[in-house]
Amino acid sequence: MTEASICTIGDEILIGQVVDTNSAGIAKELGKAGIMVREMVSVGDEHQAICDTLNSALAKSDIVIVTGGLGPTKDDVTKKVIYELSGSTGYVTDSRQLDIIHRILASRGLDVLGRNRQQASVPDGCRVIPNRLGTAPVMAVTFPEERYGHKAALYSLPGVPFEALGAMDDVISDIRSSFSLSEIRHKTIMTYGIAESALAERISGWESALPPCVRLAYLPDPLKGVALRMSVYGNADNADEIFARETAGLRAILGDAIYAEEEKTLQQVTGELLKTSGKTVSTAESCTGGMIASLIASVPGASEYFKGSVVSYAVEVKENVLGVPESIVSGYGVVSAECVAAMAEGVRRLTGTDFSVATSGIAGPGGGTEEAPVGTVWVGVSSGNRTETMKFSFRNDRIRNMERFAASALDALRKFIISEINYCK
């Protein structure tokens, strides 16, 4: 199988000033083409460090994709490294890239400076793939087997993410002309409600029995849960059969903890349930501050099933708008099963929806009690038939707690809607 290394260049990445999004985007495109990424590395704007890093990557991988260091400023040194690695003896101007530079700068009302023209000047030992979206071209160098012990190719892309990812179609086409690529197939199973470590323990037997051609990755996210991504390498003709069999095995183990068999969010899946059943929903939020409503509304077409929300942060809003009885507040407190049940029922009556979900909890960092420590949230879900409540406990910072509160509420709503639909059948 063809393997690749990805290298990002720039001091700004190493000091945390810029987040490296290029590697993830490039890896995804390489994976689609059947190229397995074996490593991602970042290096600063230092000539020898870049040389050493690229030489090491070329010795290990068939393909090396490098981004950054191709602009018109002095700290952009990648071109000099490409000159050295390719054994170039001079520079040549690529007329295609120069035409693009003139066109781009003219469209912005800018003059073409000498340093702009210089970007079209490339080492004579490399091939140029024109960058249609920017001024720095893609430089490609192919190395013979005797150089690194195997045929290898280096592609130097601009660091601007829009330009780097925009060049990947052309880069992949160029790779295909020189390398035989096998297909890699992926399938993502979305789970919620089981922590990553507990999930790994629960499915350890299933995972150990996976065929050698299948690799499994755990991808945790506070708003999505843990995604399980199965990848089939070198056996793509049987991929659908493998995915069907292994997914059925997971279903038998995890049950309704699986909420999708493709890469989706809880709000998307919940929205689909509401849309297909012709039902509507509303939210009453305290500790989540409108986050659940925002997630629901982020899905295109949410207006078909989402009627509105009450952010009842203050006690008086809970009582005066949602109709939570003062006796519940004084007798049980606002972080209680009784309070979220009343909130859920109140917003459902207020908006006339079929379903509702409510939250009340302690996001932190202060405000916790012995009965309700920081990270505690009560969730209430309601329909015309019944109301259910549940308690969750997390131990994160304020924002992460709020995200987990909101996701847990959406997952509770999802399961509640499914149970109601099945009940009515």
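Provide a single number: the residues in segment 372-409 that are aromatic (Phe, Trp, Tyr) and under 20 Å from Ile296 (Cα atoms). It would help to see each step written out before you state the result.
Taking segment 372-409 first, the residues aromatic (Phe, Trp, Tyr) are 378, 392, 394, 405.
If we keep only those that are under 20 Å from Ile296 (Cα atoms) as well, we get 378, 405.
Total satisfying the criteria: 2.
Identify all residues within segment 255-272 that are more than 19 Å from the chain's Cα centre (by Cα) and either surrounded by fewer than 19 Cβ atoms within 10 Å (Cβ to Cβ) or at positive phi (or both); write none if there are none.
Gly255, Asp256, Glu272
Could you look through segment 393-425, keep only residues that are among the aromatic types (Phe, Trp, Tyr) and closer than 22 Å to Gly346 by Cα, and pick out the one that is surrounded by the most Cβ atoms within 10 Å (Cβ to Cβ)?
In the first step, residues of segment 393-425 are kept if they are among the aromatic types (Phe, Trp, Tyr); the result is 394, 405, 416, 423.
After this cut, where a residue has to be closer than 22 Å to Gly346 by Cα as well, the list is 405, 416.
On the way: Phe405: 30, Phe416: 24.
Result: Phe405.
Only one of (1) more than 25 Å from the chain's Cα centre (by Cα); (2) without any contact (Cβ under 8 Å) to a residue 40 or more places away in the chain; (3) outside any loop (DSSP other than H, G, I, E, B) is not met by Ser282, so which one is it?
Answer for Ser282: the failing condition is (2).
With the requirement that a residue be closer than 19 Å to Met190 by Cβ and of a type in the set (Asp, Glu), what does segment 204-239 give you?
Glu207, Asp221
Could you check, for segment 287-299, whether at least one of its residues is within 30 Å of Leu181 (Cα to Cα), touching a residue at least 12 places away in the same chain (Cβ under 8 Å) and aliphatic (A, V, I, L, M)? Steps first, answer last, please.
Of all residues in segment 287-299, those within 30 Å of Leu181 (Cα to Cα) come to none.
For segment 287-299, residues within 30 Å of Leu181 (Cα to Cα), touching a residue at least 12 places away in the same chain (Cβ under 8 Å) and aliphatic (A, V, I, L, M): absent.
Filter segment 39-56 for residues that are among the hydroxyl-bearing types (Ser, Thr, Tyr) and surrounded by 20 or more Cβ atoms within 10 Å (Cβ to Cβ) and give the result.
Filtering segment 39-56 for residues among the hydroxyl-bearing types (Ser, Thr, Tyr) gives 42, 53, 56.
Within segment 39-56, just Thr53 meets the criteria.
Checking Ala293 against (1) crowded, with 20+ Cβ neighbours inside 10 Å; (2) touching a helix residue (DSSP H, G or I) at 6+ places or on another chain (Cβ under 8 Å), which test does it fail?
Answer for Ala293: the failing condition is (2).
Give me the residue from segment 273-290 that is of a type in the set (Ser, Thr, Tyr) and crowded, with 16+ Cβ neighbours inside 10 Å and, out of that set, farthest from Asn320 (Cα to Cα).
The qualifying residue farthest from Asn320 (Cα to Cα) is Ser277.
Checking the condition aliphatic (A, V, I, L, M) and assigned by TED's automatic domain parsing to the domain that holds Ala33, which residue from Ile242, Ile172, Ile203 passes?
Working: Ile242 fails: assigned by TED's automatic domain parsing to the domain that holds Ala33; Ile203 fails: assigned by TED's automatic domain parsing to the domain that holds Ala33.
Ile172 is the lone residue from the list that is aliphatic (A, V, I, L, M) and assigned by TED's automatic domain parsing to the domain that holds Ala33.
From the list Ala59, Ala33, Ala4, which one is surrounded by 15 or more Cβ atoms within 10 Å (Cβ to Cβ) and either modelled with pLDDT of 95 or more or under 17 Å from Ala120 (Cα atoms) (or both)? Give the derivation first.
Numbers: Ala59 fails: surrounded by 15 or more Cβ atoms within 10 Å (Cβ to Cβ); Ala33 fails: either modelled with pLDDT of 95 or more or under 17 Å from Ala120 (Cα atoms) (or both).
The unique qualifying residue is Ala4.
The values are calculated or read from the model by the stated rules, or taken from the named source; none is laboratory data. What you see is a predicted model, and the numbers here were worked out from it, not measured in a lab. A quick note on method: Cβ atoms are made from the backbone with ideal geometry, for glycine too, and the neighbour counts reach across all protein chains shown.
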